[in-house]
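Q: Before we start, here is the structure in question, set down as structure tokens.
The values are calculated or read from the model by the stated rules, or taken from the named source; none is laboratory data. Treat the numbers as computed from the prediction; the structure is a model and nothing was measured. Reconstructed Cβ throughout: ideal geometry from the backbone, glycine too, with neighbour counts over all protein chains shown.
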Amino acid sequence: MKYQLLTKEQFEELHVEFASFLASQQIDKKQWEEIKEKNPEAAGEEMEIFSDLIWERVLENVSYLEHYSEKSLNLFKCNDENIERIVVKVEKEKFNFLEEDDFNWFMDHTNDASVTFLRGKKVYSSAKNTEIFDLIRKGSIISKGELFEAVLKILENR
């Protein structure tokens, strides 16, 4: 398995797509129930293949990721050949990016001495989707990129 098995909830949400996937392999509902009962290993393999297909489809469309922690914010832009990263750190007592008031304070005080920005770019060391999945597994969330682009503008206007 390349990524990870979808959760029960994800399979339930994607039941129509999973049924189509099984139908593409000429497996109907009755046959699927029989496979699950008599050959759970084969059923597991089908679920793994479907999970990887779904993850591939999702990862292909990821352009931005965000990772929040108390003292830092990691913003990623996933290009075809490389990944750009902006790290924002706030060295301020009792500051927490996870708190809405503190996050809003940061957005209003990007020039404060306690705020530092780091920016970098790296070529993918393995397949693009594998690296993106690894960042998601480590807690990054897929975003539309508004925050990355806003922080980038702040950096460009400094």
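Q: Restricting attention to segment 45-60, does a residue exist that is among the aromatic types (Phe, Trp, Tyr), farther than 20 Å from residue 149 by Cβ, at pLDDT 95 or above and under 25 Å from the mean Cα position of the chain (by Cα)? Break it down stepwise before answering.
A: So the first thing to find is which residues in segment 45-60 are among the aromatic types (Phe, Trp, Tyr), and the list is 50, 55.
Still in the list and also farther than 20 Å from residue 149 by Cβ: 50, 55.
Then keep just the ones that are at pLDDT 95 or above; that gives 50, 55.
Applying the additional criterion that residues be under 25 Å from the mean Cα position of the chain (by Cα) yields 50, 55.
Within segment 45-60, one or more residues are among the aromatic types (Phe, Trp, Tyr), farther than 20 Å from residue 149 by Cβ, at pLDDT 95 or above and under 25 Å from the mean Cα position of the chain (by Cα).
Q: Just to verify a result, which residue in segment 116-133, among those that are closer than 26 Å to residue 90 by Cβ and of a type in the set (Lys, Arg), is surrounded by the most Cβ atoms within 10 Å (Cβ to Cβ)?
A: Applying the filter and picking the extreme gives 119.
Q: Output the number of residues of segment 11-44 satisfying the condition of being free of Cβ contacts under 8 Å to residues at least 12 places away in the same chain and either in the same structural domain as residue 132 (by TED's automatic domain parsing) or under 20 Å from the mean Cα position of the chain (by Cα) (or both).
A: So the count comes out to 1.
Q: Out of 142, 136, 86, report the one residue that is surrounded by 16 or more Cβ atoms within 10 Å (Cβ to Cβ) and farther than 26 Å from residue 6 by Cβ.
A: 86
Q: Now, a different point. Does at least one position in segment 46-64 carry a residue that is crowded, with 18+ Cβ neighbours inside 10 Å, touching a residue at least 24 places away in the same chain (Cβ under 8 Å) and in contact with a Ser or Thr (Cβ under 8 Å, 6 or more places away or on another chain)?
A: Yes, segment 46-64 contains a residue that is crowded, with 18+ Cβ neighbours inside 10 Å, touching a residue at least 24 places away in the same chain (Cβ under 8 Å) and in contact with a Ser or Thr (Cβ under 8 Å, 6 or more places away or on another chain).
Q: Next question, about the same structure. Going by the structure shown, is residue 74 in contact (Cβ under 8 Å) with a residue 40 or more places away in the chain and farther than 28 Å from residue 53 by Cβ?
A: Taking the combined requirement at face value, the residue satisfies it.
Q: Taking the condition of being at pLDDT 95 or above and assigned to a loop (DSSP other than H, G, I, E, B), how many residues in segment 8-25 meet it?
A: The number of residues fulfilling the criteria is 1.
Q: Considering (1) acidic (Asp, Glu); (2) more than 30 Å from residue 5 (Cβ to Cβ); (3) modelled with pLDDT of 95 or more, say which one residue 108 fails and leave the rest.
A: With respect to (1) acidic (Asp, Glu); (2) more than 30 Å from residue 5 (Cβ to Cβ); (3) modelled with pLDDT of 95 or more, residue 108 is out only on (3).
Q: At least 1 residues that are among the aliphatic types (A, V, I, L, M) and in contact with a His (Cβ under 6 Å, 6 or more places away or on another chain) in each: list the strands (runs of 3 or more DSSP E) lying fully within segment 36-126 that qualify.
A: Output list is empty.
Q: Residues 103, 97: which one is in contact with a helix residue (DSSP H, G or I) (Cβ under 6 Å, 6 or more places away or on another chain), surrounded by 11 or more Cβ atoms within 10 Å (Cβ to Cβ), over 26 Å from residue 126 (Cβ atoms) and not acidic (Asp, Glu)?
A: Going through 103, 97 in turn, the sole match is 97.
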